[in-house]
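These notes concern the structure reproduced below.
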């Protein structure tokens, strides 16, 4: 079941939000939380992955709040497709999964936020605002476990998605954004978005830095 919601009267700066969760009661509670916050507008709801994809295409929300498991379908697996469909949409995962492995995978695929449902009332608004500003937010307790259990105590490797790694390799090989878009059958805007994600996640912006990173990750000879 899914529901389109009438947008509140708000300014052009309002953060548009799409809620994707297969429990109507959860969506209702989230809507109350978000609607009470000035500067946020819930534009649609979705109760399954196909509906989520359709609503993302139709509304192009600034932030998508996404459950990892909806009706047996994987929200995690849908993240790359969502990003290809709407590069301007930032994704905040809201889930009961407190395993740092899931958090690591979600962030690697391109999510900018990872919030546990038990902490939604205190953390979700911050996570949405961070994502809208292209900043990352992870549940603090889970973030500490993520650093020690997944990446170890050393410097963590850049968490690039498979698509971002592919784009990085082609950048290192000297392809331009239009050439990469043509080869991957994507829009130039999508490639620009992937490139921006690479810059943000790794802190490397020059061509020399990107070439070195590609070799480090095995994305380019």
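The values are calculated or read from the model by the stated rules, or taken from the named source; none is laboratory data. Just so it is clear, the model here is predicted, and its values are computed rather than measured. Here Cβ is always computed from backbone atoms with ideal geometry, including for glycine, and neighbour counts include all displayed protein chains.
Residue 206 fulfils the conditions (1) touching a helix residue (DSSP H, G or I) at 6+ places or on another chain (Cβ under 9 Å); (2) without any contact (Cβ under 8 Å) to a residue 60 or more places away in the chain except for a single criterion, (1).
Does residue 76 satisfy the condition of being free of Cβ contacts under 8 Å to residues at least 40 places away in the same chain and assigned to a helix (DSSP H, G or I)? Reasoning before the result, please.
Details: free of Cβ contacts under 8 Å to residues at least 40 places away in the same chain: yes; assigned to a helix (DSSP H, G or I): yes.
For residue 76, the condition - free of Cβ contacts under 8 Å to residues at least 40 places away in the same chain and assigned to a helix (DSSP H, G or I) - is met.
One line per residue, one yes/no per condition, for (1) closer than 23 Å to residue 85 by Cβ; (2) modelled with pLDDT of 90 or more; (3) crowded, with 18+ Cβ neighbours inside 10 Å; (4) not assigned by TED's automatic domain parsing to the domain that holds residue 75:
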| residue | (1), (2), (3), (4) |
| --- | --- |
| 4 | yes, no, no, yes |
| 7 | yes, no, no, yes |
| 19 | yes, yes, yes, no |
| 24 | no, yes, no, no |
| 30 | yes, yes, yes, no |
| 40 | yes, yes, yes, no |
| 43 | yes, yes, yes, no |
| 47 | yes, yes, yes, no |
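Quick one: count up the residues across the stretch 56-73 that are in a helix (DSSP H, G or I) and crowded, with 23+ Cβ neighbours inside 10 Å. Working first, answer last.
Initial filter on the stretch 56-73 (in a helix (DSSP H, G or I)): 56-59.
Next, from what is left, pick out any that are crowded, with 23+ Cβ neighbours inside 10 Å: 56.
Final tally of qualifying residues: 1.
On inspection, residue 111 fails the criterion of being free of Cβ contacts under 8 Å to residues at least 40 places away in the same chain, touching a helix residue (DSSP H, G or I) at 6+ places or on another chain (Cβ under 8 Å) and in the same structural domain as residue 35 (by TED's automatic domain parsing).
If only residues of the stretch 18-53 that are assigned to a loop (DSSP other than H, G, I, E, B) and in contact (Cβ under 8 Å) with a residue 60 or more places away in the chain are counted, the one that is farthest from residue 117 (Cα to Cα) is 37.
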